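Visitor: Here you go, one structure.
Here, each number is a calculation from the coordinates, and none is a lab measurement. What you see is a predicted model; the values in this text were computed from it and never measured. Cβ placement follows ideal geometry from the backbone for every residue including glycine, while neighbour counts extend to all protein chains displayed.
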């Protein structure tokens, strides 16, 4: 079974492209995933390249930006290609079936917040659940 579930932060804004001919959306980005254990007191992270296709690719590119927290579920794929210099390149990436936004806000809102100097941090605060049916 080839199944991967990751939670991490975007290292830069997602990159959206469209395939020639069919025009299918493809979004690529990298997430930083914290390791559970620290080495010599310093936090460590792995930087995982992600590929998303279709409508989820468009949504990810439109609503996610550098630093936002998200989760990805998919599979690991490996491939190789011949580079322009004639050498062989090997790529390992996660092809996402599901992308969940754990922090919301479109890019325009974030730009406005950055200009105002008020970028919110992680928010997992308490909510008033008194009207919930369960």
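Visitor: Could you tell me which of rounded, prolate or oblate describes segment 4-116, using a ≥ b ≥ c as the square roots of the eigenvalues of the alpha-carbon gyration tensor, with rounded for a/c under 1.5 and, failing that, prolate when a/b is larger than b/c and oblate otherwise?
Guide: Note, shape of segment 4-116 comes out oblate.
Visitor: Still on this model: Pop the C-beta distance of residue 76 and residue 40 into the FRET formula with R0 = 25 Å and round what comes out to the nearest 0.05.
Guide: Details: r = 29 Å, r/R0 = 1.16.
Efficiency for this residue pair is about 0.30.
Visitor: Suppose R0 equals 25 Å. What FRET efficiency, 1/(1 + (r/R0)^6) with r the Cβ-Cβ distance, do residue 32 and residue 89 give to the nearest 0.05? Don't skip to the answer; put the middle values down first.
Guide: Working: r = 23 Å, r/R0 = 0.90.
That pair, residue 32 with residue 89, gives E of 0.65.
Visitor: With a/c under 1.5 counting as rounded, go ahead and sort segment 38-81 into rounded, prolate or oblate using the C-alpha gyration tensor (a ≥ b ≥ c being the square roots of the eigenvalues; past the cut-off, prolate if a/b is larger than b/c, else oblate).
Guide: oblate
Visitor: Follow-up. Could you check the simple spin-label distance between residue 53 and residue 17, using points 7 Å along Cα→Cβ, in nm with one decimal?
Guide: A separation of 1.5 nm, rounded to one decimal place.
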